[in-house]
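Here the structure is laid out as structure tokens; the discussion comes afterwards.
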Amino acid sequence: MIAWKEDYEVGIDVVDSQHKELFVIAGKAFDLLKNEFVTDKYDAMVEILEELKDYAAFHFETEEKYLEETGFKKLFSHKMEHAAFLQEIEAIDLEELDENQEEHMMRILQFIVNWIDRHILEKDQQFAVK
Ligand SMILES: [Fe+2]
């Protein structure tokens, strides 16, 4: 369900490898969600969300720097997309997550995976060099 695929490739090594890492982190969240032996998943979920947010911020910075250097014309709107994603993650209601862990985490994960999928396929492909 959560895996990098060739369609995501943009042909810029550093971007592709960072995109792969985003899927690895999302995969951790999915594995945790499926794990029936852990009853209270709150701390682990918060930790993964933190990791995802930090890594996404680091990745966006790398990507934006590359786009700046190469004179990508849609840089401003691309940056806005990145910022909106980080804001969404920042705005996650942790109290609600704690109260309704499985359901809320599933919704969050769905948002994250859909966003990354669509962003890479529609937006990042605009600067692909393959
Ligand atoms: Fe991007």
Exercise. Find all pairs meeting these conditions: Cβ atoms under 8 angstrom apart; at least six residues apart or on different chains; first residue within the stretch 104-130 and under 16 Å from F72 (Cα atoms) and without any contact (Cβ under 8 Å) to a residue 60 or more places away in the chain; second residue small (G, A, S) and surrounded by 12 or more Cβ atoms within 10 Å (Cβ to Cβ).
Key: none
Exercise. Sort out which residues of the stretch 105-130 are closer than 14 Å to D43 by Cα and modelled with pLDDT of 95 or more, and write them in order of number.
Key: none
Exercise. Look at D117 and say whether it is within 16 Å of the ligand (Cβ to nearest atom), in contact with a His (Cβ under 8 Å, 6 or more places away or on another chain) and not aliphatic (A, V, I, L, M).
Key: no
Practice problem: Report yes if some residue within the stretch 87-103 is over 17 Å from K28 (Cα atoms), surrounded by 11 or more Cβ atoms within 10 Å (Cβ to Cβ), within 16 Å of the ligand (Cβ to nearest atom) and among the charged types (D, E, K, R); otherwise report no. | Solution: yes
Quiz item: Quick one: would you say T62 is modelled with pLDDT under 95 and at negative phi?
Solution: no
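The values are calculated or read from the model by the stated rules, or taken from the named source; none is laboratory data. Since we're looking at a predicted model, the values are computed, not measured. Every residue, glycine as well, gets a Cβ built from its backbone with ideal geometry; the counts of neighbours run over all protein chains shown.
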